[in-house]
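The values are calculated or read from the model by the stated rules, or taken from the named source; none is laboratory data. Keep in mind that this is a model prediction, so the values were computed, not measured. Cβ atoms come from the backbone with ideal geometry, glycine included; neighbour counts cover every protein chain shown. Just so you know, the surface numbers come from the protein's heavy atoms only, side chains and all, with ligands and any DNA or RNA stripped out. Shrake-Rupley method; radii C 1.70, N 1.55, O 1.52, S 1.80 Å.
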Amino acid sequence: KMMDILLTDDDVKEIIIKKNNIRSDISDGAVRNVDVNLSIQIVYNNQQNQTKSITLSEYMNYWLYEIKKRKLKPTSFDRQEITVKHMVLPVLGDIELTKLSTSDIQGMIDKFKEQDYSYSSVKKAYEAVKSCLKFAVFENKIIKNPADFVELFHNEFEVKENIKFWNDDEVEIFKKEVLSKKPSGEYTYRLGNAFILLLATGMRVGEALALKWTDVDVNGKIIFINKNVARVKNREDHDEKKYVMVEQSTKTKNGNRVIPLNDAAINALCELYKITGNYDTVLANQRGEYIVYRNLDKTFKTILKNCNLLKTGIHTLRHTFASRLFRNGVDIKTISEILGHSDVSITVNISYRHTNPNSRYS
């Protein structure tokens, strides 16, 4: 495609002309035919002149779908896409890439503070902008990254207590309902023992959903955690309104681990084997396929309602497991390894909540 480029003295630093493949012929001694292949390189004083019409929205979408999509796990990409589309671009998207300033990004963060966004959500938005602009610097689209000079302080955000765990009485109430049976002798909740397994091992829900019978060693009283299952957008069929279940690597670098099984966990696995033992997956649905997290969560909420426990998330089982280990004198490092935390401070935070009863409920 040919283009006419209007240059001013201020735009251009130098023009470099290179000669390639020169051929010269002399036909009659008077006329010389010369073929010259010229290449012209224009060097600008300011590289931003080449991208001055690109908005952050245009560049960030390019960065998101052409660069990040190839590097991130499907679940991570889905989360980043939501952050970019629903947080960053509505605030900064219309600003030209080369005109985006530190004050613009700081203003976005301040706006989110006023709207009571959590520190975690704001941090994700900031890191997405910073990473995108870092790539823009790499591509010579901008000279420096304005996000490098933004201040984001954790203590400026209201701390929202969201770590909950149960006491012994609540655990017993929950277990009684989970293991209840119909007059026929069948469990009221087909895979109710899945919740007992989570409570007895501290596994993440995604890890439990991905668990195969080949990962279970009942005789050795251990299970191997090496993957998880997540629900992600169905991008391969170009129908992003539909979702599929995908198996992927564990959440953190310490996610691959071996978890010891106590009697409660072993009994739960034995009961589950009676139901799903013909399938590869421990928590298989009636077709032998992965269970969708949403369905498991729906069952969990039904159980809470039926036994009059306060509404909470399945993750409470993991917190309760950690809290009980801490109370029984297990050291923080060991608890962290069992949970698969990449940062011991996360485990310390849970333990702190255990010693501060007033912080148990969000």
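Around T55, which amide H atoms from residues at least 5 apart in sequence, or from another chain, sit under 5 Å from its own amide H, with H modelled in the peptide plane?
Residues meeting the criterion, in which the H sits 1.01 Å from N, are L97.
Hey, with R₀ at 30 Å, roughly what FRET efficiency would Q286 and V137 work out to, going by the Cβ-Cβ distance, to 0.05?
The calculated FRET efficiency here is 0.05.
Calculated FRET efficiency, R190 and A264, Cβ-Cβ r, R0 30 Å, to nearest 0.05?
Calculated transfer efficiency: 0.95.
So what are the ³J(HN,Hα) numbers for the range 112-120, from phi and the Karplus equation (6.51, -1.76, 1.60; θ = phi - 60°), rounded to whole Hz, Gly and Pro as x?
In residue order, the calculated couplings are 5, 4, 5, 8, 6, 5, 6, 4, 4 Hz.
Could you pull out which residues in the range 201-234 have an amide N less than 18 Å from a spot 7 Å beyond the Cα of Y273, following the Cα-Cβ vector?
201, 211-225
Go ahead and collect, in residue order, the members of the range 118-144 whose backbone nitrogen is under 19 Å from a label point 7 Å along the Cα-Cβ direction of H86.
Counting backbone N atoms under 19 Å from the label point, the list is 118-129.
Which of K85/K124; K71/K301; K175/K333 have a Cα-Cα distance over 24 Å?
K71/K301; K175/K333
Where the accessible area of the range 99-142 is counted over protein heavy atoms with a 1.4 Å probe, how much of it, in %, is carbon and sulfur?
The value for the range 99-142 is 48 percent carbon and sulfur by accessible area.
Taking the Cα centre of the range 110-235 as origin and charging only Cβ (+1 Lys, Arg; -1 Asp, Glu), how large is the dipole, in debye to the nearest 20?
Details: 22 positive and 19 negative charges, 161 e Å.
Charge dipole of the range 110-235: 780 debye, to the nearest 20.
Give me the distance in nm between label points sitting 7 Å out from Cα along the Cα-to-Cβ direction at S180 and K242, one decimal.
Result: 3.7 nm between the two label points.
Please list Y117, Y273 in order of solvent-accessible area, largest first, computed with a 1.4 Å probe with all protein chains present.
Solvent-accessible surface, decreasing: Y273, Y117.
Would you check the accessible area of V150, probe 1.4 Å, heavy atoms only, in square angstrom rounded to 10?
About 20 Å², rounded to the nearest 10.
Which ³J(HN,Hα) values in Hz, rounded to whole numbers, follow from the phi angles of the range 123-139 under the Karplus curve 6.51 cos²θ - 1.76 cosθ + 1.60, where θ = phi - 60° and Gly and Pro get x?
Those phi angles translate into 4, 5, 5, 4, 5, 5, 5, 4, 5, 4, 5, 4, 5, 5, 5, 4, 8 Hz.
Please compute the modelled spin-label separation between V330 and D168, points set 7 Å along Cα→Cβ, answer in nm with one decimal.
Those two pseudo-labels are separated by 1.7 nm.
Need one number: nm distance between label points at S118 and R294, each 7 Å from Cα along Cα→Cβ, rounded to one decimal.
2.0
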